[in-house]
Amino acid sequence: MVDSTPMQVLDEETLSILRCPVTRSKLRLENGFLIGEVGGLRYPVRNGIPVLLAEEAALPAGIESLDAFRARFGVR
């Protein structure tokens, strides 16, 4: 599991432009993570800074690797 700390400041305007780097879908803030609308990759927020690196994302249940995620959701 990826460690995450609550987001200190992230306004709605900033949140509206952030995208999942894998699926390019919008992100929503939930329990200190940014979660992709497509696929549900969970990106941690550390010290108030979103870490939008695919390798740092927590995978959804039932997906064992980032390659498996990409294959399932048809992304490169």
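Restricting to the stretch 19-76, give me the number of residues that are charged (D, E, K, R) and on the phi > 0 side of the Ramachandran plot.
Residues that pass the stated criteria total 1.
Out of the stretch 31-76, which residues are outside any loop (DSSP other than H, G, I, E, B) and either more than 11 Å from the chain's Cα centre (by Cα) or among the acidic types (Asp, Glu) (or both)?
46, 49, 55, 56, 66, 67, 68, 69, 70, 71, 72, 73
Sort out which residues of the stretch 2-30 are at pLDDT below 95, in a loop (DSSP other than H, G, I, E, B) and surrounded by 10 or more Cβ atoms within 10 Å (Cβ to Cβ), and write them in order of number.
2, 4, 5, 6, 7, 10
In the stretch 55-69, which residues are hydrophobic (A, V, I, L, M, F, W, C) and within 22 Å of residue 31 (Cβ to Cβ)?
Of everything in the stretch 55-69, those that are hydrophobic (A, V, I, L, M, F, W, C) and within 22 Å of residue 31 (Cβ to Cβ) turn out to be 57, 58, 59, 61, 63, 66, 69.
So, in the stretch 37-62, how many residues would count as being without any contact (Cβ under 8 Å) to a residue 12 or more places away in the chain and surrounded by 15 or more Cβ atoms within 10 Å (Cβ to Cβ)? Spell out how you get there, then give the answer.
As a first pass, look at the stretch 37-62 and keep what is without any contact (Cβ under 8 Å) to a residue 12 or more places away in the chain: 49, 51, 55, 61-62.
Checking which are surrounded by 15 or more Cβ atoms within 10 Å (Cβ to Cβ) leaves us with 51.
Within the stretch 37-62, residues that are without any contact (Cβ under 8 Å) to a residue 12 or more places away in the chain and surrounded by 15 or more Cβ atoms within 10 Å (Cβ to Cβ) number 1.
The values are calculated or read from the model by the stated rules, or taken from the named source; none is laboratory data. Computed from a predicted model, the values in this text were never measured in an experiment. Neighbour counts run over all protein chains shown; Cβ positions are idealised from the backbone, glycine included.
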